[in-house]
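In what follows, a single structure is set out as structure tokens and then discussed.
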Amino acid sequence: MEELYHFIDGKRVKGTSGRFADVMNPATGEVRARVPLASVEEMAAAVASAAEAQVAWGATNPQRRARVMMKFGALINEYMDELAELVSREHGKTLPDGRGDVQRGLEVVEVCMGGPSLLKGEFTDDGGPGIDLYSMRQPLGVVAGITPFNFPAMIPLWKMAPALTCGNAMILKPSERCPSTALRLAELLQEAGLPDGVLQIVNGDKEAVDAILDDETIQAVGFVGSTPIAQYIYGRAANNGKRAQCFGGAKNHMIIMPDADLDKAADALVGAGFGAAGERCMAISVAVPVGKETADGLRDRLVPRIEKLKVGPYTANEDVDYGPVITAASKARIEGLIDSGVDQGAELVVDGRGFSLQGYENGFFVGPSYFDNVTPDMEIYKEEIFGPVLSQVRTETYEEALKLTMDNPYGNGTAIFTADGDTARDFAHRVNVGMVGINFPIPVPLSYHTFGGWKKSAFGDLNQYGPDAFRFYTKTKTVTARWFSGIKEGGEFNFKAMD
Ligand code: NAD
């Protein structure tokens, strides 16, 4: 069986803790590799050499650092298929979706190619008599990224590209369930010219995370994962004086107004609800039709579309809509939540439980499920299911649908489908959610904007990627400067007679 490694000081390094986690192929249920779990000592050693490497990297001019991103972007394109395959093999998503995972990370690398313009400081000429002020953006030093399983390429790239472009060294701890893509990306960065030690991939679990949080050298932590862990990491990092931005889970609502094109809304819901087996923080998991006619019409359109979905392994990529979920435990949890929905009185219109695929009986596949008449007190509404389950909550009015969305503790993404610009505008203006789609189900902003949720979907300050990332990964130093009269006024240049 393949034994994975850490990537430290530009080399593949075997783990020494003696602890490992299994990396699965979720389509077959087989263990495909084991990944070492770093000890506190291994983490400390990786941080120490990152700190040494950061000094020269931070002093490298921004344009040269950006050139590394240019080469890195070219290499990601060159190895796109290999990277997408790595994503799909460990995560289970289809190959086109694996490519999308790499692509949305690459787009952040592309913004970093123009990083110097985002690193420019500010200048005030003559703020007082003969006094100028200027501010600089300087790297923090060593920073850390801790990432989830569901985007093995995109989210590590969201972390590493801006952090490195800003002149920091980074410790990246990828999800122990899908570590191979980050390891490969680190090799590509080395090939692109990143000096050894500036990016250290340290694999691990809670022990490695806690070592990051308590390490005195690490200045900032960027986390993406579930809400309880995001809140824990934010608290412990902040308590240790670190800058922290921690992005958490979601329960994204899509409102369907009576004037919406119901075929388009149904198409959007099927893609946004079941794509990647629902394992996206921007997945739509709650459909909120307004009015009985809308709800019935939507249901009539959703059922045949959901029943037609093809579930299978990424290797059968020609005809598969989504793959397995990440672990056997995740499959059991999702099916348990579906049971709870039935027990609590929701109407299970399409039942995805007990799904089995010939030749892949041990894979972690879950068929698509669709509930109607869900109410906010039910577990399936309250929990982030993170699986291929769509819940429909019926409402009578726009205000009721808006209130439902706003009362939900999560605030990552939301969408409204309507033909009325005034309703859409009102929704975008009033809703307390970080990313809003108008006739657009998964409104992940482009890489030159920023990504971040509100409420329990994010803890800390500033969003991911775009200009906010350049603020998060740098600190501002402001200089107030005055020059006393010198040679200009006091110097004597004329050839004078000696009196
Ligand atoms: P997770 O919280 O289980 O793990 C995320 C990271 O935290 C991993 O690197 C893991 O090793 C580490 N971790 C896990 N348990 C820990 C503990 N007890 N102490 C310290 N570290 C720990 O999340 P996941 O299952 O990998 O990812 C799915 C979750 O991520 C979902 O909730 C999803 O909504 C969320 N997510 C959010 C965003 C966003 O931008 N808001 C994006 C993608 C995923």
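The values are calculated or read from the model by the stated rules, or taken from the named source; none is laboratory data. Since we're looking at a predicted model, the values are computed, not measured. No Cβ is skipped: glycine too gets one built from the backbone with ideal geometry, and neighbour counts run over all protein chains shown.
Filtered by the rule that a residue be assigned to a loop (DSSP other than H, G, I, E, B) and more than 9 Å from the ligand (Cβ to nearest atom), the stretch 236-249 gives Asn240, Gly241, Lys242. Among the residues of the stretch 212-223, is there at least one that is in a helix (DSSP H, G or I), in contact with a strand residue (DSSP E or B) (Cβ under 9 Å, 6 or more places away or on another chain) and among the aromatic types (Phe, Trp, Tyr)? No, every residue in the stretch 212-223 fails to be in a helix (DSSP H, G or I), in contact with a strand residue (DSSP E or B) (Cβ under 9 Å, 6 or more places away or on another chain) and among the aromatic types (Phe, Trp, Tyr).
Checking each residue in the stretch 351-387 for being of a type in the set (Val, Ile, Thr), away from the ligand (no atom under 16 Å from the Cβ) and out of contact with any Ser or Thr (no Cβ under 6 Å at 6 or more places or on another chain) picks out only Thr375. In the set (1) touching a residue at least 60 places away in the same chain (Cβ under 8 Å); (2) in contact with a strand residue (DSSP E or B) (Cβ under 6 Å, 6 or more places away or on another chain), the condition left unmet by Glu396 is number (2).
Would you tally the residues in the stretch 210-230 being within 15 Å of the ligand (Cβ to nearest atom), among the aliphatic types (A, V, I, L, M) and within 30 Å of Thr414 (Cβ to Cβ)?
Number satisfying all stated conditions: 4.
Against the test of being assigned to a helix (DSSP H, G or I) and either of a type in the set (A, V, I, L, M) or at pLDDT 95 or above (or both), the options Ile326, Ile338, Ile416, Ile385 yield a single qualifying residue, Ile338. Going by what's in this entry, would Pro409 be described as surrounded by fewer than 16 Cβ atoms within 10 Å (Cβ to Cβ) and at pLDDT 95 or above? So Pro409 fits the description; yes.
Of the set (1) free of Cβ contacts under 8 Å to residues at least 60 places away in the same chain; (2) more than 10 Å from the ligand (Cβ to nearest atom); (3) at negative phi; (4) out of contact with any strand residue (DSSP E or B) (no Cβ under 8 Å at 6 or more places or on another chain), all apply to Pro195 but (1). Among the criteria (1) in contact (Cβ under 8 Å) with a residue 24 or more places away in the chain; (2) within 12 Å of the ligand (Cβ to nearest atom); (3) outside any strand (DSSP E or B), the one Gly167 does not fulfil is (2). Consider the stretch 235-272 and keep the residues that are within 22 Å of Asn432 (Cβ to Cβ) and not hydrophobic (A, V, I, L, M, F, W, C). The one that is surrounded by the fewest Cβ atoms within 10 Å (Cβ to Cβ) is Gly249. The set of residues in the stretch 250-271 that are in a helix (DSSP H, G or I), of a type in the set (A, V, I, L, M, F, W, C) and in contact with a helix residue (DSSP H, G or I) (Cβ under 9 Å, 6 or more places away or on another chain) comprises Leu262, Ala265, Ala266, Leu269, Val270. So how many residues does the stretch 117-172 have that are farther than 30 Å from Glu85 by Cα and small (Gly, Ala, Ser)? Result for the stretch 117-172: 8.
Here the stretch 129-164 is the region considered, the condition is being aliphatic (A, V, I, L, M) and within 10 Å of the ligand (Cβ to nearest atom), and the residue that is nearest to the chain's Cα centre (by Cα) is Ile155. Here Ile233 does not fit the description of being of a type in the set (A, V, I, L, M, F, W, C), in a loop (DSSP other than H, G, I, E, B) and either within 29 Å of Phe364 (Cβ to Cβ) or away from the ligand (no atom under 16 Å from the Cβ) (or both). Go through the stretch 277-293 and count every residue that is in a helix (DSSP H, G or I) and surrounded by fewer than 24 Cβ atoms within 10 Å (Cβ to Cβ). Of the residues in that region, 2 qualify.
Here the stretch 378-417 is the region considered, the condition is being within 20 Å of Arg333 (Cβ to Cβ) and charged (D, E, K, R), and the residue that is nearest to the chain's Cα centre (by Cα) is Glu384.
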